[in-house]
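Please read the structure below before turning to the comments.
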Amino acid sequence: ESRVQMVKPGFDANRYYGESHALLERLAGEVQFALGASLATANIRLHGYATRVKTRASYLEKIERKEYKDPQQEVQDLVGARIVCLFLDDLPRLRVIVHDLFDVLLVEDKVNAGPAESFGYMSVHYICRMRASNCFPSPCL
């Protein structure tokens with residue numbers, strides 16, 4: 001029996017992913033719609049944006065690699081979005097959009113953390129929850 005299945009008594013990460021996948025796809029669609037509507041009127045110069053649901057293999061690998069004991073609480077990126085701005089000047093407006101649409105739980109600012117060559121690119125990562133008021137017509141996670 002794999003360690004992933006032994007993480008928490010009675011918790012089967014593989015089964016949880018399978019049972020949650022359709023809801024996660026709906027949530028990714030809600031995020032895509034909300035971001036698209038806000039970005040369309042924000043006058044932010046973008047390279048692009050996309051949402052995704054973490055793959056089952058990536059989810060299971062992360063649980064094992066990080067040795068999570070409670071994956072339902074600890075994995076925070078089952079649904080993700082990537083927004084690529086062309087100019088740093090646009091980051092403050094993007095920050096407002098993110099804070100308007102989501103409950104922001106954590107911000108990791110790699111723009112001001114050091115030179116881009118130390119990690120290959122400059123980024124701001126937000127760990128968020130979708131606000132229930134921004135979910136229509138389906139409930140959010």
Point to revise | Tally of residues being at pLDDT 90 or above and either exposed (fewer than 13 other Cβ atoms within 10 Å of the Cβ) or in a helix (DSSP H, G or I) (or both) across the range 89-124 | key: 17
Exercise for review: Just one of (1) touching a residue at least 60 places away in the same chain (Cβ under 8 Å); (2) within 18 Å of C128 (Cα to Cα); (3) touching a Lys or Arg at 6+ places or on another chain (Cβ under 9 Å) trips up L23, so point out which.
Suggested key: (3)
Review point. Name the residues in the range 5-46 that are open to solvent by 60 Å² or more (accessible area, probe 1.4 Å), more than 26 Å from E67 (Cα to Cα) and part of a loop (DSSP other than H, G, I, E, B), would you?
Key: T41, N43, R45
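Output the residue which, of all residues in the range 30-51 that are of a type in the set (S, T, Y) and touching a helix residue (DSSP H, G or I) at 6+ places or on another chain (Cβ under 8 Å), is farthest from V96 (Cα to Cα).
Pass one, the range 30-51, residues of a type in the set (S, T, Y): 38, 41, 49, 51.
Of the ones still in play, those that are also touching a helix residue (DSSP H, G or I) at 6+ places or on another chain (Cβ under 8 Å) are 38, 49, 51.
Working: S38: 10, Y49: 16, T51: 19 Å.
Selected residue: T51.
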Check your understanding: Within the group Y68, Y49, which residue is touching a residue at least 40 places away in the same chain (Cβ under 8 Å) and either in a strand (DSSP E or B) or surrounded by fewer than 18 Cβ atoms within 10 Å (Cβ to Cβ) (or both)?
Key -> Y68
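The values are calculated or read from the model by the stated rules, or taken from the named source; none is laboratory data. Predicted, not measured: the structure shown is a model, and the values here were computed from it. Heads up, the Cβs are rebuilt from the backbone with ideal geometry, glycines too, and the neighbour counts pull from every protein chain shown. Quick note on the areas: whole protein, heavy atoms, side chains included, nothing else; ligands and nucleic acids left out. Shrake-Rupley method; radii C 1.70, N 1.55, O 1.52, S 1.80 Å.
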